[in-house]
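Asker: The structure follows.
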Amino acid sequence: MCKSVFKILFFIVAVLGLIAVHQDARSQKLDLSSFLVDTQEEYLVARLSLHVYDFENIKHILDNGGKMTMLCTATLFRQRTLLWNRKLDSREIEIDLQKDLLTGEYIFKHPEKRIRMQKLSEDDFLSLFEQVTIKIAPWSELRPGQKYSLRVNVRLISRDVPQWIKRILFFWSWDVAKGVQYETGFTL
C-alpha cells in the first residue's frame, strides 16, 4: 500500500515539475514583422520575418538542453462569395532549434540549410527568422482575376516532452510561445 502511494505521489510531482518548467517557457511571444505574398521560380510564395520576444528565456531553455521547433504553415484559399473559402494548398516548414551540450554549439536546421553557432546573441538569433520563405502552389494553378487569401500560422513548440505525457495531458498546449496567425487577401 505504501509503495503504491509513493509511486503515485512521485508521478504527480514529476508531472507538476514538467508543467512548471513548461509554464516558465510559455511567456514567449511571437510576432510577424513582415508578411507578403510573392512569386519565385513559377511558385506563389509567402515571405515572412518573425520576431521572437524574450530571447533570454529561449536561450536559457536551449542552454539547458531544451529542443524547440518553429512551425510555419501557409494555407492558400480561393475566396468564394456564397460558400466558405475553398482550401487549395497548404505547406509547412520546420525550423529546429537546439544546443549540442557536448560541443556547446547552437544548431538551427532550416529546410534548405543547417546553421551552427558557437555563441548566440539576440541579433544572430533574430536574423535566423528574417525572410523565411514558404513555397505554396505553382503559379500555373492560379487563375487571373480570382480572389485568394493566404493564411500563415506560426508556432514555437517544445520537442522534448515525452510522448506518454502528451497522451496523458492531451488537453494541454505544448507551445513554447503563443502562436500567431495572419491572413491576407489578394487578386491575381
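Asker: R116: open to solvent by 50 Å² or more (accessible area, probe 1.4 Å), within 18 Å of T184 (Cβ to Cβ) and not in a loop (DSSP other than H, G, I, E, B), yes or no?
Answerer: Answer is no for this residue.
Asker: Here's a follow-up. Quick check on the stretch 73-108: of everything there that is of a type in the set (A, V, I, L, M, F, W, C) and closer than 17 Å to P144 by Cα, which residue is most open to solvent (accessible area, probe 1.4 Å)?
Answerer: Of everything passing the filter in the stretch 73-108, L88 is most open to solvent (accessible area, probe 1.4 Å).
Asker: Starting from the stretch 129-156, keep only residues that are of a type outside the set (A, V, I, L, M, F, W, C) and modelled with pLDDT under 85, then list their pairs with residues that are surrounded by fewer than 20 Cβ atoms within 10 Å (Cβ to Cβ) and assigned to a loop (DSSP other than H, G, I, E, B) whose Cβ atoms are within a distance under 9 Å, requiring at least 6 positions of separation or different chains.
Answerer: Within 9 Å, the pairs are S140/E42.
The values are calculated or read from the model by the stated rules, or taken from the named source; none is laboratory data. Bear in mind that the values here come from a model prediction, so they are computed numbers and not experimental data. When we count neighbours, we look across all protein chains shown, and the Cβ atoms used for this are built from the backbone with ideal geometry, even at glycine. Accessible surface areas use protein heavy atoms only, side chains included; no ligands, DNA or RNA. Shrake-Rupley method; radii C 1.70, N 1.55, O 1.52, S 1.80 Å.
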